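This report refers to the structure that appears directly beneath it.
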Amino acid sequence: MNTLRERKKQQTRDALIGTALDLFTSRGFAATTLDELCDTVGVSKRTFFRTFASKEEVALAPSEDLWAAFLAHLGTLDPGDRTVMAVLRDALLAALDGMTGDRWAERVLQGRKLAAGTPSVEAHGLYFCERTSRTALEILHSRLELPDAADPRPRLALDMLVAAFHLAQEAWAEQAGTPTVADFAGHLNRMFALLPESLTLTAGLRPSAVTS
């Protein structure tokens, strides 16, 4: 059971994320100062830095929450007779299913747009992705009886998962209307279903590419 103190900390964190993304979107990332953000939320900079390490981190917090939940699920799932890819897929889908907070989908899309136009936010996202991948590999090797620590197949499976995620997120962001978490899950399942076909896809040259 959450204590009152924990609930207040979560409320402050949510307020910082929502306010930051609204300000970054309306005023611009660089133009929004940390002082302005803290004043708008009504917290001190000390409170901000107890919650986030930087403006970049708060901008991508909704997406990072998803991957933190993914790691948590990965650390508890029983693989049974599933493939490593299926374990990774189920952990990510379970994490996505848990993203029930107000405006989570909207905030992810706001962060995505910020990353696309703000080099420091994009760089933070790339660093976070690599760090999360390393942690996921450590969890796989600590919990599963994999053939060899140097076996590249778990990393290949993880990289395919991340690629499927990014393609699904792109399709989700471009769909008409207001994208939902359920829509995101639908795009993810479609990309996962296409993974085996992508490995066996063959194609001949176009007639225009054939030289005489």
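Okay, here's what the table says:
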{"quantity": "Subset of the stretch 91-124 [outside any helix (DSSP H, G or I), touching a residue at least 60 places away in the same chain (Cβ under 8 Å), surrounded by fewer than 17 Cβ atoms within 10 Å (Cβ to Cβ) and not charged (D, E, K, R)]", "calculated": "THR100, GLY101"}
{"quantity": "Cβ-Cβ under 9 Å pairs, at least 6 apart or on other chains, the stretch 150-163 side closer than 10 Å to SER133 by Cα and modelled with pLDDT of 95 or more, far side in a helix (DSSP H, G or I) and among the β-branched types (Val, Ile, Thr)", "calculated": "LEU158/VAL84; VAL162/THR132"}
{"quantity": "Which listed residue is buried (at least 19 other Cβ atoms within 10 Å of the Cβ) and not in a loop (DSSP other than H, G, I, E, B), from GLU56, GLU36", "calculated": "GLU56"}
{"quantity": "Verdict on SER63 being out of contact with any Pro (no Cβ under 9 Å at 6 or more places or on another chain), assigned to a helix (DSSP H, G or I) and free of Cβ contacts under 8 Å to residues at least 12 places away in the same chain", "calculated": "no"}
{"quantity": "Boolean, ALA116 is assigned by TED's automatic domain parsing to the domain that holds ALA94, closer than 19 Å to SER63 by Cα and of a type outside the set (Val, Ile, Thr)", "calculated": "yes"}
{"quantity": "Verdict on ARG5 being assigned to a helix (DSSP H, G or I), more than 27 Å from PRO119 (Cβ to Cβ) and at pLDDT 95 or above", "calculated": "no"}
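The values are calculated or read from the model by the stated rules, or taken from the named source; none is laboratory data. Everything numeric in this text was worked out from a predicted model, so none of it was measured. A quick note on method: Cβ atoms are made from the backbone with ideal geometry, for glycine too, and the neighbour counts reach across all protein chains shown.
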